[in-house]
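Undergrad: My structure is below; once you've seen it, I'll send some questions.
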Protein chains: 2
Amino acid sequence: MSEHDQTNRPRTSPTLNDVAKLAKVSTATVSRCLNNPSQVSKAKRERVMNAVRELGYAPNFGAQALAAKRTNTFGAIIPTMDNAIFARGLQAFQEELGRHGVTLLVASSSYSPELEEEQIRALVARGADALLLIGHDRTADSYAFLEQRRIPYVVAWTFNEAQSRPSIGFDNHKAMKRLMDHVLRLGHRDIALITAPRVGNDRARERFEGVQAAMQAQGLDPASLQIVETPYSIQNGAMAFEGLMSGPARPTAVICGNDVLAAGAMTMAQKLGIDVPGEVSITGFDDIEVAEIVSPGLTTVHVPHRNMGRGAARLLIELRNGEVTQSRVELQADLKLRGSLGAAPS
Amino acid sequence: MSEHDQTNRPRTSPTLNDVAKLAKVSTATVSRCLNNPSQVSKAKRERVMNAVRELGYAPNFGAQALAAKRTNTFGAIIPTMDNAIFARGLQAFQEELGRHGVTLLVASSSYSPELEEEQIRALVARGADALLLIGHDRTADSYAFLEQRRIPYVVAWTFNEAQSRPSIGFDNHKAMKRLMDHVLRLGHRDIALITAPRVGNDRARERFEGVQAAMQAQGLDPASLQIVETPYSIQNGAMAFEGLMSGPARPTAVICGNDVLAAGAMTMAQKLGIDVPGEVSITGFDDIEVAEIVSPGLTTVHVPHRNMGRGAARLLIELRNGEVTQSRVELQADLKLRGSLGAAPS
DNA sequence: CGCAAAAATGTAAGCGCTTGCATTTGAAAA
DNA sequence: TTTTCAAATGCAAGCGCTTACATTTTTGCG
C-alpha cells in the first residue's frame with residue numbers, strides 16, 4: 001500500500017515532510033521553525049509558515065512524543081468525578097495548565113489505591129509528563145514507579161509537615177481541630193463523626209485526628225466520640241445521620257467529614273423534623289456550593305479550591321521544567337460559620 | 001549524551017526490544033503476544049510474559065500511536081467542570097470506556113465554540129481516536145475538521161430529530177414542554193424563565209422553545225414570558241430570581257434552565273422570605289443531587305445521566321470499530337415532581 | 001511416512017518527528 | 001580579495017512500535 005500515492009495522498013493529514021517540500025527546505029528546518037523559530041532566518045521562516053498554513057499542518061502527537069520524549073500533557077488522578085469536591089479545583093488546575101500550553105488528562109481512581117496505581121501507569125504510558133495526585137496515601141509501588149520513571153508529581157488537597165513530597169494544600173488536621181475547638185466552645189459534649197473510610201485516605205484520617213485532638217485538648221475522652229464510616233455521598237450521609245439520631249446516645253453535634261455527607265445529614269434532619277441547630281448542630285468540610293444551598297447554611301471549613309488548583313499547576317510546571325522552587329506549599333483553610341452550628345442545647 | 005550507555009541503560013524504561021531479547025524471540029512476537037495473544041504459541045507466550053513482568057515493561061504510548069495509528073484514548077469536551085451538570089454522566093462514560101481498555105481525556109470549553117474548536121484540535125493532535133461532544137452547536141470548522149480527519153464523534157446531552165449526526169440524549173424541547181404543560185395545568189399564567197445564554201447552546205435554546213411551545217399550545221402569548229439570560233451558576237440564579245421578584249410583573253412560576261440556576265433561585269427565595277411554592281413555584285432541569293437537597297425539593301426534569309454516559313461510550317466504541325449500528329439514540333427524560341412546584345396562588 | 005495446508009515466527013520497512021553533526025552560507029575582519 | 005567564524009541549513013540516524021510478507025515449524029490426512 002505504500003508503493004504508490006507518493007505524490008498525492010488525498011485524505012491523510014499533511015506531514016512535516018509535505019510542508020518541507022512545499023517550502024523547499026529540509027524537514028529539520030521546518031521542525032526548528034515550529035519549535036525554535038529564532039534559529040531560522042526570517043525569509044525561510046515565512047516560507048515555512050505559509051506552507052504550514054496552506055496545508056493546515058498540525059504535528060503528529062505520537063511522532064512528536066516519540067522523538068522529543070515530551071508531550072506537554074499532564075495527568076490528574078482524582079478519587080472521583082462524581083461529586084463536586086474536586087471539580088472546582090480541577091477546573092482551575094486545567095485553566096492554568098492551558099495558559100502554559102499544557103493539556104490535561106483526567107482519570108479517576110474511585111478511592112482505590114490499586115486502581116489508582118493502574119491509572120498512574122496508564123497516564124504515564126500515554127505520555128503524561130507530570131501528574132497531579134490527591135493525598136499522600138497510595139501504594140508503595142505507585143511511588144516507586146514514579147521515582148523510577150522520574151515523573152514529576154505533586155500531591156494536592158493536603159499539607160502535612162511530616163511529608164517531604166512536593167505538595168500543595170492545607171493541613172486537614174489543623175483545620176478540623178480548629179472547627180472542633182469552636183464546636184466545643186459552644187458547649188457540645190456529645191459528638192458524632194460521620195467520615196469517609198479512613199483506610200487509604202489520609203485526608204479523612206487527618207480530619208478524624210483533628211477531631212480527636214480537639215477533644216483531648218478539652219479534656220474529653222476521645223473514646224466517647226461516636227464514629228460512622230461511610231463513603232462520600234449524600235445518600236450515605238443521610239443514612240448515617242438517621243442511624244445516629246435514632247441510636248441510644250443522641251449527639252448534639254454531628255461533625256461530617258465533608259460537605260457531601262453533611263448535606264445528606266441536613267436533608268435527613270429536615271425530613272425527620274429535627275431542628276438544626278436547635279436540637280443538633282451539623283458541620284461539614286470543603287465549602288462546596290452545596291454548603292450555601294442547604295438551610296440553614298452549613299458551617300464548614302472553607303477550602304481554597306481554585307487557589308489550590310492554580311498553585312498545583314504552577315508547581316507542577318516548575319517541577320517539569322526543572323526549575324528549583326519551594327515545592328511544598330501550605331494554604332490556609334478557614335472556618336466558614338453559617339447557621340447549621342449553634343450552641344449545645346441545655 | 002548518547003555516545004555511551006549503549007550497552008547498559010540504567011534508568012531508561014525497557015523497550016519491546018529488551019523484552020524480545022530476554023525472551024529470545026523477535027519483537028514481532030512480543031508485540032503480537034501483547035496485542036493478539038491468540039496468535040502466539042503457549043510456550044512462547046509464557047516466556048514473553050515472564051520477560052515482560054521481569055522487566056516491568058510497559059509499551060511506549062507515542063511509539064504505539066505512531067505505528068498503529070490508534071491510541072485507545074478517547075476525548076471528551078464538556079462546557080464546564082465547574083458544576084455538577086456533567087459530572088455524573090462523564091463518570092459513567094469513563095467507567096464504561098475503562099471497561100473496554102480505553103482511556104479518557106477530558107477538556108472543557110467554557111461554553112465557547114472557539115475554545116471548543118481549539119480543544120478538539122488539541123485532543124485530536126494528542127491522539128484521541130474519538131470524541132464525545134456536548135450539544136450540536138459548534139463552529140462549522142469544528143465539524144469540517146472532524147470530517148476531514150475522519151474522527152468518530154458522538155453528540156450527547158441532546159437528541160434532535162432534525163440532526164443526523166451520531167448522538168445520544170433526550171429531546172430538550174419535548175422535556176421542557178412537558179414540564180411546562182404541567183406548570184400551566186396548575187394554573188400558572190405569569191411565567192418567567194431564567195436561562196443560560198442561548199447563543200451557542202442548543203440545549204438551552206431548545207428548552208426555551210419548549211417553554212414557548214407549551215404556552216402557545218395553551219393559547220398564551222409567548223411574548224408575555226419574562227426572560228433572564230445568565231450563565232449557569234448558583235450565584236447568577238439567585239440574582240436573576242431577585243431581579244424577577246422585585247420587578248414590576250412578579251411571576252407565579254419561575255422556570256429555570258437547569259438545577260444550578262434553580263438552586264440559586266430557591267436559596268434566594270428563602271433569603272427573601274418568599275414562600276415556595278406558596279407564593280412562587282420554581283422548577284429546574286437535570287435532576288442533579290442539588291435538587292434533592294434544597295427544600296422544598298426541586299421539581300425538575302430527570303436526565304438519565306449515567307445511562308447517557310454509558311450509552312455514549314458504547315456508541316463511540318462501536319463507531320470507532322466501524323461496527324454499523326443505530327447511531328442515534330433517544331433517551332427519556334421524565335418529570336420529577338417535588339415540592340417546589342405547586343398550584344398558582346389565587 | 002510424506003505432503004499440503006495451517007499455524008507460528010522472524011524480517012524489516014516504515015510511522016512522523018527531533019536533533020547531533022557536517023556542511024554551506026554570509027559577513028566581518030584582516 | 002582572502003581568511004575566519006558564526007549563523008543557517010541539511011543530512012540522516014534514530015525514537016519504540018506494528019504489520020505485511022517471507023520463512024519456518026506443526027499439524028492433519030491420505
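The values are calculated or read from the model by the stated rules, or taken from the named source; none is laboratory data. Computed from a prediction, not measured in an experiment: that's the story for all the values here. Here the Cβ positions follow ideal geometry from the backbone for every residue, glycine too, while neighbour counts run over all protein chains shown. Surface areas here come from the heavy atoms of the whole protein model, side chains and all, with no ligands, DNA or RNA. Shrake-Rupley method; radii C 1.70, N 1.55, O 1.52, S 1.80 Å.
Undergrad: Among B:Gly127, B:Gly98, B:Gly135, B:Gly75, which is within 16 Å of DNA strand C (Cβ to nearest atom) and not β-branched (Val, Ile, Thr)?
TA: Values: B:Gly98 fails: within 16 Å of DNA strand C (Cβ to nearest atom); B:Gly135 fails: within 16 Å of DNA strand C (Cβ to nearest atom); B:Gly75 fails: within 16 Å of DNA strand C (Cβ to nearest atom).
Of the residues listed, the single one that is within 16 Å of DNA strand C (Cβ to nearest atom) and not β-branched (Val, Ile, Thr) is B:Gly127.
Undergrad: Could you list, in sequence order, the residues of segment B:124-173 that are of a type in the set (Lys, Arg) and under 25 Å from A:Asn60 (Cα atoms)?
TA: B:Arg126, B:Arg138, B:Arg149, B:Arg150, listed by residue number.
Undergrad: Further, regarding this structure: Among the residues of segment B:68-83, which ones are in contact with a strand residue (DSSP E or B) (Cβ under 7 Å, 6 or more places away or on another chain) and open to solvent by 40 Å² or more (accessible area, probe 1.4 Å)?
TA: B:Asn72
Undergrad: Here's another thing I want to ask about it. Take the residues of segment B:1-27 that are near DNA strand C (Cβ under 8 Å from one of its atoms) and either more than 14 Å from chain A (Cβ to nearest Cβ) or open to solvent by less than 80 Å² (accessible area, probe 1.4 Å) (or both): which is modelled with the lowest pLDDT? Even if it seems obvious, please write down each step before you answer.
TA: Within segment B:1-27, the first condition is being near DNA strand C (Cβ under 8 Å from one of its atoms), and the residues that meet it are B:1-3, B:20, B:24-27.
Imposing the further condition that a residue be either more than 14 Å from chain A (Cβ to nearest Cβ) or open to solvent by less than 80 Å² (accessible area, probe 1.4 Å) (or both) reduces the set to B:3, B:20, B:24-27.
On the way: B:Glu3: 31, B:Ala20: 91, B:Lys24: 92, B:Val25: 91, B:Ser26: 91, B:Thr27: 91.
Checking each candidate, the answer is B:Glu3.
Undergrad: Residues being touching a Phe, Trp or Tyr at 6+ places or on another chain (Cβ under 9 Å) and within 12 Å of chain A (Cβ to nearest Cβ): count how many of those fall in segment B:38-65.
TA: Adding up the residues that qualify gives 3.
Undergrad: Right, next: Say we look at segment B:90-119 and pick out the residues that are under 16 Å from A:Leu90 (Cβ atoms) and over 12 Å from the mean Cα position of the chain (by Cα); which of these is nearest to the other protein chains (Cβ to nearest Cβ)?
TA: So the residue we want is B:Leu105.
Undergrad: Looking at A:Leu316, A:Leu335, which one is in contact with a Leu (Cβ under 9 Å, 6 or more places away or on another chain), in a strand (DSSP E or B) and open to solvent by less than 60 Å² (accessible area, probe 1.4 Å)?
TA: Testing whether each residue is in contact with a Leu (Cβ under 9 Å, 6 or more places away or on another chain), in a strand (DSSP E or B) and open to solvent by less than 60 Å² (accessible area, probe 1.4 Å) leaves just A:Leu335.
Undergrad: Taking the condition at the interface with another protein chain (Cβ under 8 Å from one of its Cβ atoms) and out of contact with any helix residue (DSSP H, G or I) (no Cβ under 6 Å at 6 or more places or on another chain), does B:Ala87 pass?
TA: yes
Undergrad: Right, something else. Would you pick out the residues in segment B:109-167 that are β-branched (Val, Ile, Thr) and within 16 Å of B:Asp202 (Cα to Cα)?
TA: Once the filter is applied, which keeps residues that are β-branched (Val, Ile, Thr) and within 16 Å of B:Asp202 (Cα to Cα), segment B:109-167 yields B:Ile134, B:Thr139, B:Val154, B:Val155, B:Thr158.
Undergrad: Show the residue pairs that are 6+ apart or on different chains and have beta-carbon atoms under 8 Å apart, the first residue being within segment B:33-49 and farther than 15 Å from B:Thr15 by Cα, the second being open to solvent by less than 70 Å² (accessible area, probe 1.4 Å) and within 10 Å of DNA strand D (Cβ to nearest atom).
TA: B:Val40/B:Thr29; B:Val40/B:Cys33; B:Lys44/B:Thr29; B:Lys44/B:Cys33; B:Arg45/B:Cys33
Undergrad: Still on this model: Being without any contact (Cβ under 8 Å) to a residue 12 or more places away in the chain and open to solvent by 80 Å² or more (accessible area, probe 1.4 Å) is the filter here, so list the residues in segment B:141-150 that pass it.
TA: B:Glu147, B:Gln148, B:Arg150
Undergrad: Taking segment A:28-47 as the region of interest, how many residues are within 11 Å of DNA strand C (Cβ to nearest atom), in a helix (DSSP H, G or I) and not charged (D, E, K, R)?
TA: 9
Undergrad: Across segment B:319-332, which residue is nearest to B:Leu105 (Cα to Cα) among those that are part of a loop (DSSP other than H, G, I, E, B) and either among the β-branched types (Val, Ile, Thr) or open to solvent by 80 Å² or more (accessible area, probe 1.4 Å) (or both)?
TA: The extreme case among them is B:Glu323.
Undergrad: Anything in segment B:271-293 that is in a loop (DSSP other than H, G, I, E, B) and either open to solvent by less than 10 Å² (accessible area, probe 1.4 Å) or in contact (Cβ under 8 Å) with a residue 60 or more places away in the chain (or both)? List them, or say none.
TA: Those that are in a loop (DSSP other than H, G, I, E, B) and either open to solvent by less than 10 Å² (accessible area, probe 1.4 Å) or in contact (Cβ under 8 Å) with a residue 60 or more places away in the chain (or both): B:Val276, B:Pro277, B:Gly278, B:Glu279, B:Val280, B:Gly284, B:Phe285, B:Ile288, B:Glu289.
Undergrad: Then there is this: Answer yes or no: is there a residue in segment A:267-274 that is in the same structural domain as A:His188 (by TED's automatic domain parsing) and closer than 20 Å to A:Val211 by Cα.
TA: Here is the first cut: in segment A:267-274, the ones in the same structural domain as A:His188 (by TED's automatic domain parsing) are A:267-274.
From the residues that got through so far, the ones that are closer than 20 Å to A:Val211 by Cα too are none.
No - not one qualifying residue is present in segment A:267-274.
Undergrad: Here are some conditions: (1) within 23 Å of B:Ala162 (Cα to Cα); (2) without any contact (Cβ under 8 Å) to a residue 60 or more places away in the chain. B:Pro248 meets all but one. Which one does it not meet?
TA: Here B:Pro248 clears every test but (1).
Undergrad: Taking B:Asn50, is it open to solvent by 50 Å² or more (accessible area, probe 1.4 Å), part of a helix (DSSP H, G or I) and away from DNA strand D (no atom under 12 Å from the Cβ)?
TA: Details: open to solvent by 50 Å² or more (accessible area, probe 1.4 Å): yes; part of a helix (DSSP H, G or I): yes; away from DNA strand D (no atom under 12 Å from the Cβ): yes.
Yes; evaluated as a whole, the condition is true for this residue.
Undergrad: Identify, please: which residue in segment A:14-27 is part of a helix (DSSP H, G or I) and polar (S, T, N, Q) and is, among those, nearest to DNA strand D (Cβ to nearest atom)?
TA: A:Thr27
Undergrad: Can you work out which of the residues in segment B:53-67 that are modelled with pLDDT of 85 or more and away from DNA strand D (no atom under 11 Å from the Cβ) is surrounded by the fewest Cβ atoms within 10 Å (Cβ to Cβ)?
TA: Top of the filtered list is B:Arg53.
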